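Peer 1: Right, I'll just put the structure down here and ask away after.
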Amino acid sequence: MRYPETKTLQEILDRAKDCYDSGLPFVVYRKPNETDVFGVFQSNDELRSSKDFTEKGFVFAPFNDDNQVVLLQPDEVWEGKYQTEKSEAIKDINLDESGKEVHIELVKKGIQEIETGRLQKVVLSRKIQVRITKPPFKIFKTLLSKYPNAFAYFIHHPKVGTWCGATPETLVKVKDKKLKTMSLAATLPFIEDETPKWGNKEIEEQQMVSEYIGDKLAHTMERLEIDEAESVRAGNLWHLRSEVRGTMLPNLKVSEVVRALHPTPAVCGIPTDEAQKFIHKNENYKRTFYTGFLGELNLRSQGELSLFVNLRCMELQGDTASIFVGGGITEASDPESEWIETQNKSKTMLGIL
């Protein structure tokens, strides 16, 4: 890998477009609350994978452990600055009610499973397909301008597909054995000049996630701190979030931390294995990279990584975009309310299109 070459944003996007047209793998991304935009370009179309997270590059991992963690090799890394642009206002979106009965039945099944005692929580989702008229890179530029607090990305591999998104959730960051992650759960719509009023269902759901992450990481850390939950805004939604910080044990491998955290209770459920089985059996589509993770792996120094959960994302195929929306189901869930939550969440990506 060469040291990041300084370029303009337009040069990075032009290079990415050339790779896209030529069928070469690349990713362009910007981290939350930063202005630096990076492009990682692989010089051939070979499908590589990360075996143990010691490799160098950019990883793109699926929800399901059975599939390989795609590794983009950093044959070239470009860096540029993003100047904030005034983004066009998102128009009112006419939401489609098709799929409502199927999703409500899925939620009811999830609640029944929780009542048996096999699950405490399960995250259930659905896929929405829409036709697109915007060019792919215009979609990415809209994501950059609309969601400055998110990890915004556009990734393409001819043997994997094309995805983009603006995710609010960190999976894990590690540098010099210092770890940062977050417990993110619960959703309310954002209303101008109003603070969110959280109910018991949302507060308990977020607490459940925090405790689960604490349990998963406890044996891997010398020290672990979990902050109180706070309300954070992500586009037109509110969530509850707790910051989590720790110091890794000296001999701990990064791969063990990633395995302990993925998939998180915020995208899968509690306990994870049982929730994952229920999702595979009952969701009527394959998530592939939705609710997987992606980010930098040892790009700056060995043992340093910055990974994000693949939420608020879409897969682009020709003139169609697939958008994914879901919610955490607990014993206190109301199926109709859960449908409305997925409708509210769908506005984030539909508005971009």
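Peer 1: Restricted to the range 122-138, and to residues that are open to solvent by 20 Å² or more (accessible area, probe 1.4 Å) and not basic (Lys, Arg), which residue is nearest to the chain's Cα centre (by Cα)?
Peer 2: Ile128
Peer 1: Of the residues Thr162, Thr181, which is closer than 16 Å to Leu307 by Cβ and of a type in the set (Ser, Thr, Tyr)?
Peer 2: Thr181
Peer 1: May I ask you to list pairs of residues, at least six apart or on different chains, whose Cβ atoms are under 6 Å apart, with the first in the range 194-218 being more than 10 Å from Ser183 (Cβ to Cβ) and the second being open to solvent by 30 Å² or more (accessible area, probe 1.4 Å)?
Peer 2: Qualifying pairs under 6 Å: Pro196/Leu188; Pro196/Ser231; Pro196/Trp238; Lys201/Ala332; Leu217/Leu224.
Peer 1: Also, quick follow-up: So which pairs qualify, if the first residue must be in the range 86-99 and surrounded by 12 or more Cβ atoms within 10 Å (Cβ to Cβ) and of a type in the set (Val, Ile, Thr), the second must be in a loop (DSSP other than H, G, I, E, B) and at pLDDT 75 or above, the Cβ gap must be under 9 Å, and the two must be at least 6 apart or on different chains?
Peer 2: What qualifies is Ile90/Asn236.
Peer 1: In the set Lys141, Lys56, which member is in contact (Cβ under 8 Å) with a residue 24 or more places away in the chain, over 21 Å from Leu307 (Cβ atoms) and among the basic types (Lys, Arg)?
Peer 2: When all the criteria are applied, what remains is Lys141.
Peer 1: Any idea how many residues of the range 234-244 are in contact (Cβ under 8 Å) with a residue 60 or more places away in the chain, surrounded by 17 or more Cβ atoms within 10 Å (Cβ to Cβ) and closer than 16 Å to Lys345 by Cβ?
Peer 2: 4
Peer 1: OK, next. Can you list residue pairs whose Cβ atoms sit under 9 Å apart, with the first residue in the range 144-164 being in a helix (DSSP H, G or I) and the second being β-branched (Val, Ile, Thr)? Count only pairs 6 or more apart in sequence or on different chains.
Peer 2: Correct list of pairs: Leu144/Val37; Leu144/Thr84; Ser145/Thr84; Lys146/Ile90; Lys146/Thr348; Lys146/Ile352.
Peer 1: Within the range 15-57, how many residues are of a type in the set (S, T, N, Q) and buried (at least 19 other Cβ atoms within 10 Å of the Cβ)?
Peer 2: Count: 2.
Peer 1: Could you say whether any residue in the range 177-192 is farther than 23 Å from Ala266 by Cα, part of a helix (DSSP H, G or I) and either modelled with pLDDT under 95 or open to solvent by less than 90 Å² (accessible area, probe 1.4 Å) (or both)?
Peer 2: So far as the range 177-192 goes, no, none of its residues is farther than 23 Å from Ala266 by Cα, part of a helix (DSSP H, G or I) and either modelled with pLDDT under 95 or open to solvent by less than 90 Å² (accessible area, probe 1.4 Å) (or both).
Peer 1: Has the range 139-150 got any residue that is farther than 25 Å from Thr264 by Cβ, surrounded by fewer than 15 Cβ atoms within 10 Å (Cβ to Cβ) and in contact with a strand residue (DSSP E or B) (Cβ under 9 Å, 6 or more places away or on another chain)?
Peer 2: no
Peer 1: Here's something else I'd like to know. One residue is enough: does the range 28-35 have a residue meeting the conditions in contact (Cβ under 8 Å) with a residue 24 or more places away in the chain, at positive phi and not hydroxyl-bearing (Ser, Thr, Tyr)?
Peer 2: There is at least one residue in the range 28-35 that is in contact (Cβ under 8 Å) with a residue 24 or more places away in the chain, at positive phi and not hydroxyl-bearing (Ser, Thr, Tyr).
Peer 1: Does the range 217-233 contain any residue that is surrounded by 22 or more Cβ atoms within 10 Å (Cβ to Cβ) and either part of a strand (DSSP E or B) or not small (Gly, Ala, Ser) (or both)?
Peer 2: No, that holds for no residue.
The values are calculated or read from the model by the stated rules, or taken from the named source; none is laboratory data. Worth saying up front: this structure is predicted, and the values here are computed from it rather than measured. In this analysis, Cβ positions are derived from the backbone assuming ideal geometry, glycine residues included, and neighbour counts consider all displayed protein chains. The accessibility values were calculated without ligands, DNA or RNA, using every heavy atom of the protein model including side chains. Shrake-Rupley method; radii C 1.70, N 1.55, O 1.52, S 1.80 Å.
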